[in-house]
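Take a look at the structure below.
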Amino acid sequence: LPHLSPSSKSCAMLRASSLLLACLAAVQAFNAPMAFSPKGSLASSLASKPLVAAAPVSQRSFALDALQMSCTKDTRGYKMPMRKQCMLLKKRANNAMAVSFSHIRTHKTQSVNLQWKRIYWPEGNCYVKLRISTKAIKTLKTKPLNELAAKAGLDLKKHRCG
């Protein structure tokens, strides 16, 4: 950084080192065996305490599953996906424009009409509870549930009722 003044050099170095510490802490949470405690002149005040507590190896092996579970929330006893998406047809919101009378265009989203439905699954001899679009409800009248679930890569055993 030869073209910067001494004060902006130190500011840039401080930003770079804080970014490095944040990246190391994020990586450490998933694959380091012990807690990370920074050493050096920049982080001497943080050296007494570890930034992130170490998780046992058995818990870290399921880190991806834990991350996926953190992206869902429990609602009335069943897992509700945070993304507003049809489980069978994978329909999502569409980006569109709202045009006013004076022809001023603003961005808007056309969201999917999602419904929680209890659908009978003949192969599993039980009901499954899915969050599907109204278009998928119409499609279920012509195509079997098993076919749509296989195409969407959905495991119906995980969504059984009761």
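Please treat every number below as a calculation from the coordinates, not as lab data. Keep in mind it's a predicted model, so treat the numbers as computed, not measured. Every residue, glycine as well, gets a Cβ built from its backbone with ideal geometry; the counts of neighbours run over all protein chains shown.
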Check: Taking the Cα-to-Cβ direction at Lys158 and at Gln85 and moving 7 Å from each Cα, how far apart do the two end points lie in nm?
Finding: 1.2
Next item on the list: Taking every pair of Cα atoms in region 83-125, average 1/r, invert it to obtain the Kirkwood radius, and report Rg/Rh to two decimals.
Entry: 1.28
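Measure up Lys90/Lys158; Lys108/Lys151; Lys108/Lys129; Lys108/Lys143 against 27 Å on the Cα-Cα distance and list the ones that go over.
Numbers: Lys90/Lys158 17 Å; Lys108/Lys151 30 Å; Lys108/Lys129 30 Å; Lys108/Lys143 32 Å.
Result: Lys108/Lys151; Lys108/Lys129; Lys108/Lys143 exceed 27 Å.
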Next item on the list: Please list the non-local residues whose amide H lies under 5 Å from the amide H of Lys108, H modeled 1.01 Å from N, same-chain partners needing a gap of 5 or more.
Entry: Ala96, Met97, Ala98
